Amino acid sequence: MNIIIAGDGKVGSMLTRQLSSEGYDVTVIDSNSQVLESSVERYDVISVHGNCASMRVLQQAGVKDADLLIAATSQDEINLLCCTTAHSLNPKLHTIARIRNPEYTEQIYRMRDVFGLNMIINPEDRAASEIERLLKYPGFLRRDTFAKGRTEIVEIRVDAGSKLCNVQLMDLRTIVKCQVLVCAVIRGGSAVAPKGDFTLREGDRIFVTALSQNLTTLLKNLGILTRRVHSVTLCGGGRISYYLAKRLKKAGISVRILEKDPKHCQELCAKLPGVEILQGDASDQDLLANEGLLRADAMVTLTGLDELNMIVSLYAAAQGIPQVITKISHSGNRSVLGSLSLGSVICPRELVCSNIVRYVRAMENQTGAAVSVHSIADGQAEAMEFLVEEDTRYCGKPLKEIKLKPNVLLVSISHGASTEIANGDSSFQKGDTVIIVTNGREVIRQFGDIFA
């Protein structure tokens, strides 16, 4: 498959790395020659220097023979013009545009056919949605939902004094008193695919597959106290804060936004009636204390500086704020981040890239492709959702009689409205939804790829 990526910034670079590693033919367009040289040196891609919205540059990039164009520059207008121009040159081309300005949201969806768009991605809105979900269950560092909300993979840290310390996985059910499956463990920065005799230690981060209806039971029996979030402090008044504040206000949650720029504070006041906007520096500890911001049920650090977000989150955790969520843009060293008390860590570009990768795989495999793809365990594993087709092998056969590829774990099966955590006696049938977890070293494009 021939893919053109227009824009070699944070999102574009991550997509280039991911898609080129999966064997796709990738051409990258950017107006910065130095950035292009770096991508060519690191990845097996073709580069084209120039304005991606230019018809001449798109033709030079081979748009007439391309299957997909992803417009991910920093400017919404250029992304739209790029997709529109490319679609006019190749009407069969699939196009994806990154659109971040909330003022464009409604018209883009109403005019997507005019612009020739197949998919629209908004990293900030996607991040806001993820943060809202995390605020509903403060005990989890992360939640990934599958099977129309019936199954989840949640991340939990094993802290000092936790009921999970020194427990073998085979004994886990006696503690949590519900059906769960630990599909991955991060220890010392490395992901482990644990077996039943694996013993959990302090500092481990575990990824647990559970039915959504059992999440409250899971937290309760682990002794993790949760309460409904009533008040949230958002540090930074960027687009994520705007989208998140609208969602939280609609849910009846009190929101206070701390923003350094006075002009931007005025803009937020006009756009978010009913939300308290404070002008000040998030790193000012006296301000945080005097304004009562540390008495909130949750604090989300959303400034444009990763370092500032991390420092404020560490301080908030040390001050005893029940839930802390940290936004980062550069997720290079996840092992270091995982060792810090940053609460839940959100990376908007990772969320967007996962959505795009799923779309690409679905394009290549019209049948049997993954319904959803989630990167877990600091990017060292993937959780994927598949629909069992009529010609899928081993339908009706118990899992204990099926040999899977190494490092592939089948974790849950949904039969209509009924979902079960998979065990050796489980089996799947046509129409079932199946969740698998793989270490990501071998690309799984279709469900049939998991069998040895």
Original post:
List, please: which pairs have Cβ atoms under 6 Å, are six or more places apart or on different chains, and start with a residue in the stretch 116-144 that is at positive phi and touching a residue at least 24 places away in the same chain (Cβ under 8 Å) and end with one that is of a type in the set (S, T, N, Q) and surrounded by fewer than 22 Cβ atoms within 10 Å (Cβ to Cβ)?
Top reply: Gly116/Thr84
Original post:
From Leu287, Leu293, which residue is touching a helix residue (DSSP H, G or I) at 6+ places or on another chain (Cβ under 9 Å), at pLDDT below 90 and of a type outside the set (Phe, Trp, Tyr)?
Top reply: Leu293
**OP:** Six or more apart or on different chains, Cβ under 7 Å: which pairs go from a residue in the stretch 307-321 that's in contact (Cβ under 8 Å) with a residue 40 or more places away in the chain to one that's charged (D, E, K, R)? Could you list them?
**Re:** Asn309/Lys327
**OP:** Run Arg112 past the list (1) under 30 Å from Leu272 (Cβ atoms); (2) modelled with pLDDT of 90 or more; (3) of a type in the set (Lys, Arg) and report the number of the one that doesn't hold.
**Re:** (2)
Original post:
Of the residues that make up the stretch 232-241, is at least one surrounded by fewer than 23 Cβ atoms within 10 Å (Cβ to Cβ), within 20 Å of Ser283 (Cα to Cα) and in contact with a strand residue (DSSP E or B) (Cβ under 6 Å, 6 or more places away or on another chain)?
Top reply: no
**OP:** Show the residue pairs that are 6+ apart or on different chains and have beta-carbon atoms under 8 Å apart, the first residue being within the stretch 428-452 and in contact (Cβ under 8 Å) with a residue 24 or more places away in the chain, the second being aromatic (Phe, Trp, Tyr) and not in a strand (DSSP E or B).
**Re:** Phe428/Tyr394; Val434/Phe428; Val434/Phe447; Ile436/Phe447; Phe451/Tyr394
**OP:** Select from the stretch 25-49 the residues that are under 19 Å from Arg98 (Cβ atoms) and not aliphatic (A, V, I, L, M) and list them in ascending order.
**Re:** Thr27, Asp30, Ser31, Asn32, Ser39
**OP:** Output yes when any residue across the stretch 386-405 is touching a His at 6+ places or on another chain (Cβ under 6 Å), surrounded by 15 or more Cβ atoms within 10 Å (Cβ to Cβ) and at pLDDT 90 or above, and no when none is.
**Re:** no
**OP:** Check whether at least one residue in the stretch 13-30 is touching a Pro at 6+ places or on another chain (Cβ under 8 Å), under 24 Å from Cys347 (Cα atoms) and touching a residue at least 60 places away in the same chain (Cβ under 8 Å), and report yes or no.
**Re:** no
Original post:
Here are some conditions: (1) at pLDDT 90 or above; (2) under 30 Å from Leu93 (Cβ atoms); (3) not aromatic (Phe, Trp, Tyr). Gly368 meets all but one. Which one does it not meet?
Top reply: (1)
Subject >> For Ser212: the one exception among (1) surrounded by 16 or more Cβ atoms within 10 Å (Cβ to Cβ); (2) at pLDDT 90 or above >> reply: (2)
Original post:
In the stretch 161-192, how many residues are touching a helix residue (DSSP H, G or I) at 6+ places or on another chain (Cβ under 7 Å) and in a strand (DSSP E or B)?
Top reply: 5
Original post:
When residues of the stretch 103-142 are filtered for being over 20 Å from the mean Cα position of the chain (by Cα) and not in a loop (DSSP other than H, G, I, E, B), how many remain?
Top reply: 12
**OP:** Identify, from the list Val192, Val176, the residue that is surrounded by fewer than 21 Cβ atoms within 10 Å (Cβ to Cβ), without any contact (Cβ under 8 Å) to a residue 60 or more places away in the chain and within 22 Å of the chain's Cα centre (by Cα).
**Re:** Val192
Subject >> Answer residue from the stretch 79-93, given it is over 10 Å from Gly7 (Cα atoms) and within 25 Å of the chain's Cα centre (by Cα) and is surrounded by the most Cβ atoms within 10 Å (Cβ to Cβ) among those >> reply: Cys83
Original post:
Under 8 Å by Cβ, and 6 or more places apart or on different chains, what pairs join a residue from the stretch 156-167 that is farther than 18 Å from Ser344 by Cα with one that is polar (S, T, N, Q)?
Top reply: Lys163/Asn221; Asn166/Thr199; Val167/Thr199
Original post:
Residues in the stretch 283-297: is at least one in contact (Cβ under 8 Å) with a residue 24 or more places away in the chain, closer than 23 Å to Glu152 by Cβ and not aromatic (Phe, Trp, Tyr)?
Top reply: yes
Original post:
How many residues, within the stretch 134-172, are at pLDDT below 90 and surrounded by fewer than 16 Cβ atoms within 10 Å (Cβ to Cβ)?
Top reply: 6
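The values are calculated or read from the model by the stated rules, or taken from the named source; none is laboratory data. Remember, it's a predicted structure, so these values are computed and weren't measured experimentally. Counting neighbours? That spans all protein chains shown, and the Cβs are built from the backbone with ideal geometry, glycine included.
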